[in-house]
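In what follows, a single structure is set out as structure tokens and then discussed.
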Amino acid sequence: MSSTTAPATAMVSRAVQRRVEAGSSVMCARCDQQVKFAARQNRQQVIANVYADGRWTRVEHFHAECYDEAGAPYGKAAEQDIRSRRPSS
Ligand SMILES: [Zn+2]
């Protein structure tokens with residue numbers, strides 16, 4: 001019996017949180033509304049890389065709040081852009 005060791009970077013679905021960029025025109029996978037850039041609002045989106053059977057399948061976009069409401073289906077979103085983090089809320 002040989003045991004298979006999982007690679008350090010497992011091919012599993014994961015999510016990151018990013019600032020919404022100007023010109024963004026993606027649709028939120030939960031509420032079907034556009035994830036819009038809004039000047040001065042510094043809105044956050046969640047981008048999920050979805051894997052099935054160890055293979056990359058698709059990218060899904062969410063409003064950050066929608067992702068939370070959905071119960072973080074692809075795990076807690078990792079923050080990528082530290083500088084855009086709001087001091088408090
Ligand atoms: Zn949404």
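A short reminder: the numbers here are calculations on the coordinates, not readings from a lab. On a predicted model such as this, the values are computed, not experimentally measured, just so you know. FYI the Cβ positions are ideal-geometry reconstructions off the backbone, even for glycines, and counts take in every protein chain you see.
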Quick one: length gained pulling GLU21 to ALA52 fully straight, 0.36 nm per residue minus the C-alpha distance?
8.4 nm
Counting DSSP beta bridges in the stretch 14-81, what percent are antiparallel, to the nearest 5?
85 percent
Point-to-point label distance, MET11-ALA78, nm (Cα→Cβ direction, 7 Å offset):
1.8 nm
Work out, step by step, the length gained on full extension between LYS36 and VAL59: first 0.36 nm times the residue separation, then minus their alpha carbon distance; give nm to one decimal.
6.6 nm
Note the per residue figure in Å³ for the convex hull of the C-alpha positions in the stretch 14-81.
86 Å³
